[in-house]
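One structure is given here, and the rest of the page talks about it.
The values are calculated or read from the model by the stated rules, or taken from the named source; none is laboratory data. Since the structure is predicted, the reported quantities are computational estimates derived from the model, not experimental observations. Glycine also receives a Cβ, built like all others from the backbone with ideal geometry; neighbour counts cover every protein chain displayed. Quick note on the areas: whole protein, heavy atoms, side chains included, nothing else; ligands and nucleic acids left out. Shrake-Rupley method; radii C 1.70, N 1.55, O 1.52, S 1.80 Å.
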Amino acid sequence: MANFTAKDVQALRQSTGAGMMDAKKALTEADGDAEQATEILRQKGLAKSLTRSDRENAEGLIAITTGDGNAALVQLRAETDFSAKSDEFVALVASLAEHVLAKGADAIAERQAEIDDLKLTTKENIALGDVVRYESQADTTIDAYLHGGGRVGVLVEGRGIDDELLHEIALHIAFAKPRFLTRDEVPADEVEKERAALLEITKAEGRVPEAKMPGVVEGRLGAWYGQQVLLDQGMFGEKETVRKKIGDGEILRFTVSVIGG
């Protein structure tokens, strides 16, 4: 009987990127010695992902699946657009999104073996990016939007906002790519860093009296918030902000996932 367990096979797969059967055969040949099994896989050219994990994977694809008022978004990253457009890649990311919708974001770990196998097939650094599942409440609505052939994906949940407006907001998020929902979410150190930079810029311009500088800096900081914070952004770059557009409605959360950005 071979001197290893299923956990040993899984550990070897994770460390080398080899397929399950290849890992099992290597452990059998090495009588359970993980180090020797790794060397066997290397010699057979089945552990190539060891040299890929640090390679940039700025390409990929985003899939969104919805059902019963809920939504799931999965981003799968690749090194080349060629791989991301392959039938196998497209089918896998779509299947992963369906799996997350049915079982939750944490359940994505159950599909890691398929991602590892795709690494070997494509000889690229294939890896998961964003994995998100939204579950609506009795009084909330979720909108999902996929743009650019799967290069930008958006989920947004609102309360007291009609479906048409919520979808407009989803489109705006894809357009403006905000980082935060409210100003309170922006890290304090990031705000102070920007405030200090704006003060130096204002001083260098030499047009504002020192006594008025704090007010000018705060005004410019407000414009910066308008780039970072969804509620402060003008809808599609116009003057009317998202906050004003939704009136008494409320945006509870949003996710924007981007390939190549």
Determine the gain in length on full extension of the stretch Gln137-Arg42; use 0.36 nm per residue of separation and subtract their C-alpha separation, reporting nm with one decimal. 29.2 nm
What shape does the range 122-176 have by the C-alpha gyration tensor, where a ≥ b ≥ c are the square roots of the eigenvalues, rounded means a/c under 1.5, and otherwise prolate means a/b greater than b/c and oblate the rest? oblate
For the chain, Rg(Cα) over 2.2 N^0.38 Å is 1.32
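Within the accessible area of the range 185-261, what % is carbon and sulfur when the probe is 1.4 Å and the other protein chains stay in place? Mind showing how you got there, number by number?
Details: 2400 of 4640 Å².
C and S atoms contribute 52 percent here.
Compute the orientation-averaged projected area for the range 83-154 from the convex hull of its Cα atoms and round it to one decimal in nm². Don't skip to the answer; put the middle values down first.
Numbers: hull surface 21.2 nm².
Dividing the Cα hull surface by four gives the mean projection, 5.3 nm².
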Around Gly149 (Cβ within 14 Å, Cβ-to-Cβ, excluding Gly149; K/R +1, D/E -1) the net charge comes to 0
Using the Cβ atoms and a cut-off under 13 Å, what net charge is assigned to the surroundings of Glu190, where Lys and Arg are +1 and Asp and Glu are -1? -1
What length, rounded to one decimal in nm, is gained on full extension from Ala6 through to Glu192, with 0.36 nm per residue of separation minus their alpha-carbon distance? 61.8 nm
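Given a Förster distance of 22 Å, report the FRET efficiency between Thr66 and Arg243 from their Cβ-Cβ distance, rounded to the nearest 0.05.
The computed FRET efficiency comes out at 0.25.
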For Val208 and Thr182, calculate 0.36 nm times their separation in residues minus their Cα-Cα distance, and state this gained length in nm to one decimal. 6.4 nm
